Amino acid sequence: MASMNTDHTERERASVAPRWRESAVGALYELPFNDLIFRAHTTHRQHFDPNEVQLSALLSIKTGACSEDCGYCPQSAHHATGVAPEKLMETADVVAAAAAAKRAGATRFCMGAAWRSPRDRDLDRVVETVAGVKALGLETCATLGMLTSEQARRLKDAGLDYYNHNLDTSEAYYDRIVSTRRYEDRLQTLEYVRASDIRVCCGGIVGMGETRADRVALIAELASLPQCPDSVPINMLVQVPGTPLYGTEDLDVFEFVRTIAVARITMPTTHVRLSAGRQSMSDELQALSFFAGANSIFYGDLLLTTGNATTDHDRALFARLGIRPQPAADTGSVDEGGVDRVRG
Ligand code: SAM
Ligand code: DTB
Ligand code: SF4
């Protein structure tokens, strides 16, 4: 099996006890539903305005033909999904898309690339693009696969605020889903990102046929990273024909809400993002997820290659729920001003 390196992670080297043991996370999942979401909502109110949700836009800057075999992903070259490969976008086109996302009300712009890991010559263009997006006054985020420590430093120097790199599931279930890299490879990149002082966005996918024990282990792992991730995307599997996971039994929606609630309780100051899968969620399920502690969404009509809940639908839902978009954080970039914020 291919692997990026054999380094041990920070936590393994330091032999630090996990902040959240699986037994404690499992006990939260076992609570009666009302007790769990009451506790999660109480935690949420202690740290956040419960009526604010952060808006991140997403753009695929390099699409498809990926060498990895992730069983959930429509962009893997191992699966026949009909996704048309597209080479790395020009900086000007990405910056134009970011400006449009900002006008629509997004405060963070996440650039995704279908790579196992970027080549240094690809990174030359990505750092230029990150600087261009940052100059618009947006928070910047990228998800490009595994990085070297030097690549993480270059991204930081370009103005990258967040790096998204998901653990996706438990370590035990991981090799049922991905065979071309190891869990430790993911942890290693996260360590490089932290060491470069880029904020970590790290979460997972549920609904991949994993057990509750796998979900418990994923949340325990995320909550016990050397620093809690700043953002935790909780994705519901988007089932794409041609991927090995197409046809997996749907996850019970209450188990999904429990996952949001447990993430909120174990990572109280983290933005928990209601991520992929919103297009097929009811308004009621999304409202319950916000109550249980979700306070961020991917905002825009497309995720990377699949559809998202539309901006029109989200604006209407926010109005019905009295939810406001979270104002932009001050990330030290120049704001071009004059944008239309999302209005109720
Ligand atoms: N290639 C890079 C990597 O894998 O780290 C970055 C892009 S990859 C598409 C980013 C994340 O998208 C994955 O880690 C996974 O969590 C999520 N993802 C991909 N396909 C998905 C699907 N069908 N449903 C839900 N989430 C998905
Ligand atoms: C994350 O956790 N979810 C996003 C983002 N990080 C990059 C991606 C979701 C992808 C869904 C499938 C697709 O559109 O290709
Ligand atoms: Fe490639 Fe990322 Fe998709 Fe895996 S999740 S196949 S690494 S684009």
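Residues that are touching a Gly at 6+ places or on another chain (Cβ under 8 Å) number at least 2 in the following strands (runs of 3 or more DSSP E) confined to the stretch 60-173: 139-143. When each of Leu147, Leu138 is tested for being more than 14 Å from ligand 3 (Cβ to nearest atom), open to solvent by less than 50 Å² (accessible area, probe 1.4 Å), within 18 Å of the chain's Cα centre (by Cα) and of a type in the set (A, V, I, L, M), the lone residue that passes is Leu138.
If you check Pro229 against the conditions, is it touching a Cys at 6+ places or on another chain (Cβ under 6 Å) and at pLDDT 95 or above?
The answer is yes for Pro229.
For the stretch 102-120, the set of residues classified as modelled with pLDDT under 95 and open to solvent by 10 Å² or more (accessible area, probe 1.4 Å) consists of Arg103, Ala104, Asp120, listed by residue number. Among the listed residues Leu218, Leu245, Leu285, identify the single one that is part of a loop (DSSP other than H, G, I, E, B) and of a type in the set (A, V, I, L, M, F, W, C). Matching residue, one of Leu218, Leu245, Leu285: Leu245. Can you find a residue that is within 16 Å of the chain's Cα centre (by Cα) and within 16 Å of ligand 3 (Cβ to nearest atom) anywhere in the stretch 250-260? No, there is no match, as no residue in the stretch 250-260 is within 16 Å of the chain's Cα centre (by Cα) and within 16 Å of ligand 3 (Cβ to nearest atom). Taken over the stretch 179-193, the criterion of being more than 16 Å from ligand 2 (Cβ to nearest atom) and not basic (Lys, Arg) is satisfied by Ser179, Thr180, Tyr183, Glu184, Asp185, Leu187, Gln188, Glu191, Tyr192.
Checked against (1) free of Cβ contacts under 8 Å to residues at least 60 places away in the same chain; (2) surrounded by 24 or more Cβ atoms within 10 Å (Cβ to Cβ); (3) in contact with a helix residue (DSSP H, G or I) (Cβ under 7 Å, 6 or more places away or on another chain), Arg215 meets all criteria but (1). Screening Arg194 with (1) under 23 Å from Leu302 (Cα atoms); (2) within 19 Å of the chain's Cα centre (by Cα) gives one miss only, at (1). Cβ-Cβ distances below 6 Å connect the following pairs, each with a first residue in the stretch 301-322 that is within 16 Å of ligand 1 (Cβ to nearest atom), a second residue that is open to solvent by less than 60 Å² (accessible area, probe 1.4 Å) and among the charged types (D, E, K, R), and a separation of six or more residues or different chains: Ala309/Arg278. Which one is least open to solvent (accessible area, probe 1.4 Å), of the residues in the stretch 84-101 that are within 16 Å of ligand 1 (Cβ to nearest atom) and of a type in the set (D, E, K, R)? Across the stretch 84-101, the extreme among qualifying residues is Glu86. Scanning the stretch 275-314 for residues that are closer than 14 Å to Ala106 by Cα, of a type in the set (A, V, I, L, M, F, W, C) and away from ligand 3 (no atom under 16 Å from the Cβ) turns up just one, Ile297.
Here's the yes/no breakdown for (1) within 15 Å of ligand 2 (Cβ to nearest atom); (2) charged (D, E, K, R):
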| position | (1), (2) |
| --- | --- |
| Arg108 | yes, yes |
| Met111 | yes, no |
| Ala114 | yes, no |
| Arg121 | no, yes |
| Glu139 | yes, yes |
| Thr143 | yes, no |
| Val206 | yes, no |
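Of the residues making up the stretch 260-293, those that are among the β-branched types (Val, Ile, Thr) and open to solvent by less than 10 Å² (accessible area, probe 1.4 Å) are Ile260, Val262, Thr266, Thr270, Val272. Could you list all residues from the stretch 73-88 that are more than 7 Å from ligand 3 (Cβ to nearest atom) and not β-branched (Val, Ile, Thr)? If the condition is that a residue be more than 7 Å from ligand 3 (Cβ to nearest atom) and not β-branched (Val, Ile, Thr), then Pro74, Ala77, His78, His79, Ala80, Gly82, Ala84, Pro85, Glu86, Lys87, Leu88 are the ones that fit.
Select from the stretch 218-237 the residues that are more than 13 Å from ligand 2 (Cβ to nearest atom) and either open to solvent by 20 Å² or more (accessible area, probe 1.4 Å) or among the acidic types (Asp, Glu) (or both) and list them in ascending order. Of everything in the stretch 218-237, those that are more than 13 Å from ligand 2 (Cβ to nearest atom) and either open to solvent by 20 Å² or more (accessible area, probe 1.4 Å) or among the acidic types (Asp, Glu) (or both) turn out to be Glu221, Pro226, Gln227, Cys228, Asp230. When residues in the stretch 180-210 are screened for being among the polar types (S, T, N, Q), touching an Asp or Glu at 6+ places or on another chain (Cβ under 7 Å) and either farther than 25 Å from Arg153 by Cα or open to solvent by 10 Å² or more (accessible area, probe 1.4 Å) (or both), 1 of them pass.
The values are calculated or read from the model by the stated rules, or taken from the named source; none is laboratory data. All of these numbers come straight from a predicted model, not from anything done at the bench. Here the Cβ is made from the backbone with ideal geometry for all residues, glycine too, and neighbour counts use every protein chain on show. Ligands, DNA and RNA are excluded from the accessible area calculation, which covers all protein heavy atoms including side chains. Shrake-Rupley method; radii C 1.70, N 1.55, O 1.52, S 1.80 Å.
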